[in-house]
Amino acid sequence: MIWEQLVLPTLTVLLALGIGAYAVAVLDRLIAGALGLSRAGSAWLAPLARGAWLLTQSANVTEAPDWQAWRLAPLLYLMLAAVGLALVPWSASLVATDLATSVVLWGSVEALATVVIFLHGWSANAPLALIGAYRYVALGLSYILISMFVLIGVALPAESLQFTQVVASQAELWNVIRQPLGLPLFLIVGLGVSFWGPLNLADSTDLAGGTASEVSGPPRLAWNLARAAMLVAFSGVAATVFLGGWLGPWLPGPLWLVLKMFAVLLALLLAGRLLPRLSPERCVTLMWVVLLPLSFVDLVWAGLEALL
Amino acid sequence: MELLTLFIIMLVILCAGLAVQWPTVRRQSLPTYPQRAPFLGGGLPDTHAWNRYHVRYYPMTLLLIAFEMEMMFMYPWAVVFVEKGMMAMMEMGMFLAILSVGIVYAWREGVFRWQ
Amino acid sequence: MAVSWLRRLAARAPVPVFPALGVHGDAMLRELALDPGVELVGSPRHASVLLVAGGVPPDQHAALRRVHDQVPRPFATLWWRSEPLDGLENATRIDAPSALSDALIAAHRDVMLGRRGSSPRLLPDEPPNPWEGLGDDGHGGEGMMGGVPYGRPMAMNMHDDLRDGLTLDSLTFRLGPFFPALPPGMQAEVTLQGDLVQTWAVQHAPYPLGLDAVFFDARQQPVSIAELELARARYHLYRLFHGLWLAGLESVGLHVLRLARSLTPDSRVDGLRRRLARCGFFDLTMTASAALDDEQARQIGGPAARAAGLADDLRSEDANYRRLGFTPVCQQEGNTRARWWQALAEIDQSLALARQAAARDVQTSEVGSVETPRGPWREGQRPQDASHLLDELLPGLEWGEALAAIASLDLAAVSEWPLDASVAEPRTTPPEEYRA
Amino acid sequence: MTLMMLLLLAAALIGIGLYGALSQQSFVMLMMGLELILNGVMLAAVAFWALSGAGAPPGQLLTIVVMAVMAIEMAMGFALVVAVYRGKQADMTEALSELKH
Amino acid sequence: MNHGIGVDIAFFLLAVLAIYSGWRVFCTDSMVRASFFLLVSFIAVGAIMLLLTAVYLGVAMFFMMAVEMMVMALFMVMFMMNPAGLNPMKMVHQERVAMAVGAVGFMVLGAMALFAEFPERPLPADLEPVAALGRELLGESMLIFESAGIVLLTTMIGVVVLSSHRGRYGGAETGSVPPGLMPGGEPAGQPAQGEDSEGGHQHHHH
């Protein structure tokens, strides 16, 4: 009982987080290599070597940082990623936290991620990090609504806010087909919550690294780790709500989920490498004026589809 | 039980994160002042960075607060949607219409631009 | 031992290098960007090796010292064609371009494995303002806003806001000369309110640009148009690389660099343009900001002026260019977006000209003045520095817009000296078959 | 966890909120006090709903309404602050106290 | 209600957290910290709601308050001098009175909690809080639901009118603002400002 309900799910989540973060690093490097950004050395070893280097580098300190917040922000971000992944059901029974409102809890993870990323940039007390933090808030407060509408869309046919129910409702047809607008919109949310690629407004090149520009050594390792973990958590959620989670023939459920997560990760990482960063003002307008109405359409579509 | 699992996961992650940061950060002494100055490509700031920061998108944030409140109503609504059928659909239509009016109005007033 | 195991592993990572670019250092940067063993980073906090590429004028040594001291320990420095600062006499200086990459990797490895100590701190460990933990809480301020808590005064409002009626605090700092998003050597005093540029005052012009030697030759004697145009296309591709890097499109940027390196008259940029247009580089990343008026456009000259609709081009005065059917290409808007369209159009045009010229082996007919990719070089009048125009252009722009505008503008003067050919790629003269 | 303990906690939150709302000079901090009061109110409402109201639906609804009040209070409050600040260009406290007279 | 000792421990810890962070809101110098302490207090209360099996309200508390406190932090920083509390400060008035009122409020309410008799009617075991709330919203309390929509729309419009520079009432001011310095550029600000910044330029040039 304890083993099945407590230890096994916990171990699964922690392992998935660790291996997933590593896989993100490897995958991103392989993609970069395929796109012409090759790096010496083996792709498998590189993330570890990079991690080792960050552990040996000394941690930078700014003149008067908000100490607690600065050191806590990466940890909290990592924790949010773990919470997100804990909501993902690996099979009908193997799920760490099967709340009746896990969809809403994932929404709060996104909202709290905004807080944490802001805190990371704010507490450094450095101009460029500050700009990165505020830019990210503009983005974070914009994509959250899209995410909510899209997720409510998937809750309609499931008649529940529970991820396991959402998966169960996809037994006949996956949501990615049933609500074709949903997954593309949700992927944008994924890029936002991990400020990846085109939505990397927080740690961008024109800010010399933005919120991370003053961070070095172990705290930076924690930050990068958390960011990769957040991508993993997001891909888990996306696979659950749109790609039918553990459902699938032949293979065991968890394996299906892992495969689907890989597919989502691949899409996100590719988008991250192929698209340029949006200017913040464009980004906000795009989110509110184009993507939000699109998510309305998605919701109406989902509603009609659920009733028919 | 679910919450306990969640709590344990959070705790473990927190400890793991601390374990990554703590030993090295503890051991080292504070860096020199020149190192601690914010990086500006060799330049220096006049003042601390913390200031009354002019958030250029503040009307958008206020709009969001009002908007988000409506989401509070939408989640329970989603759960009983199929059960209530067309009535819920109409309800949603009305809600989305209201929201759209708000957004279109705000857009027309240039709320989503940098003030 | 655990630590040495960790360090051995760390030594195998690609070297994170922060480049501090001196005069003509950007050529080396482009080489390193393609080097698989090196990873260029945007902040010294993320670096293990500080590379100073090219000479740094004495008046910027103070800034260089500051950047040097901002790299977290342990780190190494490497000086490429640059004299190490006082206090770093033992630092490695490298002059041969081919040895640089290996030297960087070796430096990182040596530091990691403890064969070489971390570079020493150059500046005294003192707070920016005399400060000791004064007051009850050890913060050192006076009252709510006064004093220098932790060694710096607090941000106070000095400027009225440009856009809306809310006048909040502004932040004044000096940026550069080693800020990676600015042209090398440029220093500016910037005041921000929020993320909006309130004032921008260039304090130190960017270093003069090194042009390909063919542009210098063209002023002495007729040169092959194909060669001239290829050099021009390459120059614009380099600028595009910087713009793409700034926009977070590193992979396309490297593609552009590779294209520049292997540029032949047969190269095409249509695919590149389509790719950029499709991924939203022009519409979502670049904005219609920092538009030049006619007077400003004339002061800058060259592609920036043509992007603003001024059809000035010295090539139209050359009979042989006219025979090739040359007419200047122009955009109308003169803003950031239009300048990138212009850059792509000019590359396209140059390649087309090079193709025709190579087929017929045409040489320039005019001697004495030449249209450089930076602007017209009339009799003895090199394109001059126009960075002071930024002071008028940038106020009112959001930070990202402002930096994108700077990247799209080519403002530095042209250096008296051509780019050292051994730094740049082996001079790609048109292949033999075109000459025949 | 009994109803009494929950209500005591709610009372404590309301008490702190009252202190904050009355003592803070600046309008934004004052709003923090109000929020804290509403926090206590919401907790009490949920506690009644769960332990004394036998899960009557209006109990949950009340909480949502309180949240809505909170959101509206915040949105309008900040909008007012912005408007006042824009008009007076003064530090907010004085500006708002001038409004009072 | 029968629950394990674990719930009691969790409640106790969360209660302490809620009160401590609620108190810290008013005695920290940094505005950002103050708003996020309030957020922590809300999160603790939300978690207590989760313990009370108010699954939806508890979780909704997290996301609503995360966004609201984020916005709160933005505005706190925007309008408070010394937003990060680099210099310690205390901006309070009538502190004694406030403290007394707070204490009295706590005592009165606490006494009610202690001495009033409330019926003990726990949640029915088969209750689905979210669905129940949904039925209520679409059934008897439809009016609340609908009027909330209207009120929130009014709030949205009000917020835009009041805060936006380009809003309906800001429009009049726009007329007095000179056109942009460059085509497509932003207005150059008030005339006096324009002169100011020009003076600044000349100063920097020479």
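Mind listing whichever residues of region C:107-125 are surrounded by fewer than 20 Cβ atoms within 10 Å (Cβ to Cβ) and under 15 Å from residue C:50 (Cβ atoms)?
Selection gives C:110, C:116, C:117, C:118, C:120, C:121, C:122, C:123.
Quick check on my filter: what residues within region E:73-91 are more than 12 Å from residue D:24 (Cα to Cα) and either among the basic types (Lys, Arg) or at the interface with chain D (Cβ under 7 Å from one of its Cβ atoms) (or both)?
Across region E:73-91, the qualifying residues are E:75, E:76, E:79, E:80, E:81.
Hand me the list of helices (runs of 4 or more DSSP H) wholly inside region A:8-108 holding 3 or more residues that are within 22 Å of residue A:241 (Cβ to Cβ) and of a type outside the set (Ser, Thr, Tyr).
Working: elements: A:8-34, A:46-56, A:67-86.
Where helices (runs of 4 or more DSSP H) fall fully within region A:8-108 and carry at least 3 residues being within 22 Å of residue A:241 (Cβ to Cβ) and of a type outside the set (Ser, Thr, Tyr), they are A:8-34, A:67-86.
Conditions (1) in the same structural domain as residue C:217 (by TED's automatic domain parsing); (2) farther than 23 Å from residue B:113 by Cβ; (3) outside any helix (DSSP H, G or I); (4) under 21 Å from the mean Cα position of the chain (by Cα), marked per residue:
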site	(1), (2), (3), (4)
C:367	yes, yes, yes, no
C:385	yes, yes, yes, yes
C:389	yes, yes, no, yes
C:392	yes, no, no, yes
C:400	yes, no, no, yes
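Kindly provide the set of residues from region C:305-339 that are surrounded by 23 or more Cβ atoms within 10 Å (Cβ to Cβ) and touching a strand residue (DSSP E or B) at 6+ places or on another chain (Cβ under 8 Å), ordered by number.
Within region C:305-339, C:305, C:313, C:315 meet the criteria.
Inside region E:17-56, can you point out the residues that are more than 25 Å from residue A:104 (Cα to Cα), outside any helix (DSSP H, G or I) and among the β-branched types (Val, Ile, Thr)?
If the condition is that a residue be more than 25 Å from residue A:104 (Cα to Cα), outside any helix (DSSP H, G or I) and among the β-branched types (Val, Ile, Thr), then E:28 is the only one that fits.
Results for (1) part of a helix (DSSP H, G or I); (2) of a type in the set (Phe, Trp, Tyr); (3) within 14 Å of another protein chain (Cβ to nearest Cβ); (4) under 19 Å from residue C:246 (Cα atoms), shown as yes or no for each residue.
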| position | (1), (2), (3), (4) |
| --- | --- |
| C:20 | no, no, yes, yes |
| C:23 | no, no, no, no |
| C:56 | no, no, yes, no |
| C:67 | yes, no, yes, no |
| C:73 | no, no, yes, no |
| C:79 | no, yes, no, no |
| C:83 | no, no, no, no |
| C:86 | no, no, no, no |
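Considering only region A:137-181, state which residues are aromatic (Phe, Trp, Tyr) and not in a loop (DSSP other than H, G, I, E, B).
Scanning region A:137-181 gives A:143, A:149, A:163.
Taking the conditions exactly as written (buried (at least 24 other Cβ atoms within 10 Å of the Cβ) and either more than 30 Å from residue C:403 (Cβ to Cβ) or within 14 Å of chain C (Cβ to nearest Cβ) (or both)), does residue B:19 satisfy them or not?
No: the conditions fail for residue B:19.
Being more than 7 Å from chain D (Cβ to nearest Cβ) and in a loop (DSSP other than H, G, I, E, B) is the filter here; which residues of region E:92-134 pass it?
Residues satisfying the conditions are E:116, E:117, E:125, E:126, E:128.
Picking from B:30, B:44, B:40, which residue would you name as being surrounded by fewer than 18 Cβ atoms within 10 Å (Cβ to Cβ), under 20 Å from residue C:178 (Cα atoms), at the interface with another protein chain (Cβ under 7 Å from one of its Cβ atoms) and hydrophobic (A, V, I, L, M, F, W, C)?
Numbers: B:30 fails: under 20 Å from residue C:178 (Cα atoms); B:40 fails: surrounded by fewer than 18 Cβ atoms within 10 Å (Cβ to Cβ).
Unique residue meeting the criteria: B:44.
A quick yes/no check of all residues on (1) surrounded by fewer than 22 Cβ atoms within 10 Å (Cβ to Cβ); (2) touching a Gly at 6+ places or on another chain (Cβ under 7 Å); (3) facing chain B (nearest Cβ under 9 Å):
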site: C:146; (1), (2), (3): yes, no, no
site: C:164; (1), (2), (3): no, no, yes
site: C:167; (1), (2), (3): yes, no, yes
site: C:170; (1), (2), (3): no, no, yes
site: C:184; (1), (2), (3): no, yes, no
site: C:195; (1), (2), (3): no, no, yes
site: C:207; (1), (2), (3): no, yes, no
site: C:220; (1), (2), (3): yes, no, no
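Go through B:75, B:53, B:58, B:33 for me and flag whichever is among the aromatic types (Phe, Trp, Tyr), farther than 30 Å from residue C:168 by Cα and touching a Leu at 6+ places or on another chain (Cβ under 9 Å).
One residue alone meets the criteria, B:75.
Looking at region D:16-41, which of the residues that are in contact (Cβ under 8 Å) with a residue 24 or more places away in the chain and either of a type in the set (Ser, Thr, Tyr) or facing chain E (nearest Cβ under 7 Å) (or both) is surrounded by the fewest Cβ atoms within 10 Å (Cβ to Cβ)? Walk me through it before giving the result.
Going residue by residue through region D:16-41, those that are in contact (Cβ under 8 Å) with a residue 24 or more places away in the chain are D:25-28, D:31, D:34-35, D:37-41.
Then drop every residue that is not either of a type in the set (Ser, Thr, Tyr) or facing chain E (nearest Cβ under 7 Å) (or both), which leaves D:25-26, D:28, D:35, D:39.
Values: D:25: 17, D:26: 20, D:28: 24, D:35: 26, D:39: 27.
Among residues in region D:16-41 that are in contact (Cβ under 8 Å) with a residue 24 or more places away in the chain and either of a type in the set (Ser, Thr, Tyr) or facing chain E (nearest Cβ under 7 Å) (or both), the one surrounded by the fewest Cβ atoms within 10 Å (Cβ to Cβ) is D:25.
Taking residue A:101, is it β-branched (Val, Ile, Thr), within 13 Å of chain E (Cβ to nearest Cβ) and closer than 30 Å to residue E:84 by Cα?
So residue A:101 does not fit the description; no.
Among helices (runs of 4 or more DSSP H) lying entirely in chain B, which contain 1 or more residues that are at pLDDT below 85 and farther than 28 Å from residue E:61 by Cβ?
Ranges flagged: B:2-27, B:86-108.
The values are calculated or read from the model by the stated rules, or taken from the named source; none is laboratory data. Here the structure is a predicted model, which is why all the values come from computation and not from measurement. For neighbour counting, all protein chains shown are included, and Cβ atoms are generated from backbone atoms with ideal geometry for every residue, glycine included.
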